[in-house]
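K.L.:
Structure below; questions to follow.
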Amino acid sequence: MVNSTDALKGKIALVTGGSRGIGAAVALSLAEGGADVAVNFRTRSAEAEAVCAEIRKLRRRAVAIQADISQSDQVRKMVGQIESELGVVNILVNNAGMARQIKLEDIAEADWDEHIRVNLKSAFLVTQAVLPGMRSQRWGRIINISSVAAQTGGLVGPHYAASKAGMLGLTHSYAALLAQEGITANTVCPALVETEMLRANPRATFSVIPVGRYGLVDEVASVVLMLAENAFMTGQTVNPNGGWYPS
């Protein structure tokens, strides 16, 4: 039996939005599992480099790469750089996203388009970019970080909920199409995890969480690590949500 610290040895992971919050915890967890990790960020280079420094302390390779992953040309450039510096990506965690609290009556078309582009289109673009490498190796893990908002509507608004719900369909399709090629696709739907995004939402309250507290980033990261190590789970939605949405 492979030790959990060695289960991902030799694998290359890409975590989008990996400079802070859930993404940073996921990057470290995958490194602890044995993977080398590319940490994508859009603006926070110092935090991304700090995450990479922690990964290197675990004797894993790491690289911080700036890219706006809602732009296809930047995605292609990013993936090329990862392949050059680390190797072919075979674990993808689509974590990057945004949530802007807007009153229902004030949600504009531009707000809708921005959330779909940042939260959903980016996941599609990055997945499509790394899939050729996964398929050539006949081994891959696609893990999409969605939200309880995809299931309940959440506390941000329909523009955010719809972008996160779209990730469920994206996951289901990739899972069905790639199951015979050694590639799994799963979704993680956290609820009210202690992050900067949570603190920016004035409507956030753990009163909606049956366990009576906010979630921790490490509690989400442990689910991602399990999905990265597991070859038999695909097409599934895992819900570290404190009981808000029972399933």
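K.L.:
Just to confirm my numbers, what's the Cα centroid distance between the stretch 138-168 and the stretch 55-107 in Å?
P.N.:
The two parts, judged by their Cα centres, are 17 Å apart.
K.L.:
Note the full-extension length gain between Ser84 and Gln66 as 0.36 nm times their separation in residues minus their Cα-Cα distance, in nm to one decimal.
P.N.:
That pair, Ser84 and Gln66, stretches by 5.0 nm at full extension.
K.L.:
Which is farthest toward the positive dipole end of the stretch 62-216 among Ala129, Gln151, Gln101, measuring Cα position about the Cα centre, with Cβ charges +1 (Lys, Arg) and -1 (Asp, Glu)?
P.N.:
Comparing the listed Cα positions along the dipole, Gln151 ranks first.
K.L.:
Now, a different point. Given 20 °C and 1.002 mPa s, compute D for the chain with the Stokes-Einstein relation, Rh being the Kirkwood radius over Cα pairs; round to the nearest whole µm²/s.
P.N.:
On the way: Rh = 17.9 Å.
Rounded to a whole number, D works out at 120 µm²/s.
K.L.:
Turning to a different aspect of this structure: In whole percent, what relative contact order does the chain give with Cα contacts below 8 Å and a gap of six or more residues? Before the final figure, lay out each step's value.
P.N.:
Details: 505 pairs, mean separation 45.0, N = 247.
RCO, the chain: 18 percent.
K.L.:
Let me ask something additional. Taking the Cα atoms only, what angle lies between the long axis of helix 21-32 and the longest principal axis of the chain, rounded to 10 degrees?
P.N.:
The two axes meet at around 20 degrees.
K.L.:
Return the calculated 222 nm mean residue ellipticity for the chain, to the nearest 500 deg cm²/dmol, obtained by summing -39500 (n - 2.57) across DSSP H runs with n ≥ 4 and dividing by the residue count. Could the numbers behind the result be given before it?
P.N.:
On the way: 9 runs with 104 residues, N = 247.
That calculation yields -13000 deg cm²/dmol at 222 nm.
K.L.:
While we're on this one: With each pseudo-label sitting 7 Å past Cα toward Cβ, what's the Ser136-Arg76 distance in nm, one decimal?
P.N.:
Here the modelled spin labels are 1.6 nm apart.
K.L.:
Let me ask another. How far is helix 158-178 tilted, in degrees, relative to the longest principal axis of the Cα atoms in the chain, given as a value from 0 to 90 rounded to the nearest 10?
P.N.:
For helix 158-178, the angle is close to 30 degrees.
Since every read-out is calculated from the coordinates, none of them should be taken as a lab result. Note that this is a predicted model, so its numbers are computed, not measured. Reconstructed Cβ throughout: ideal geometry from the backbone, glycine too, with neighbour counts over all protein chains shown.
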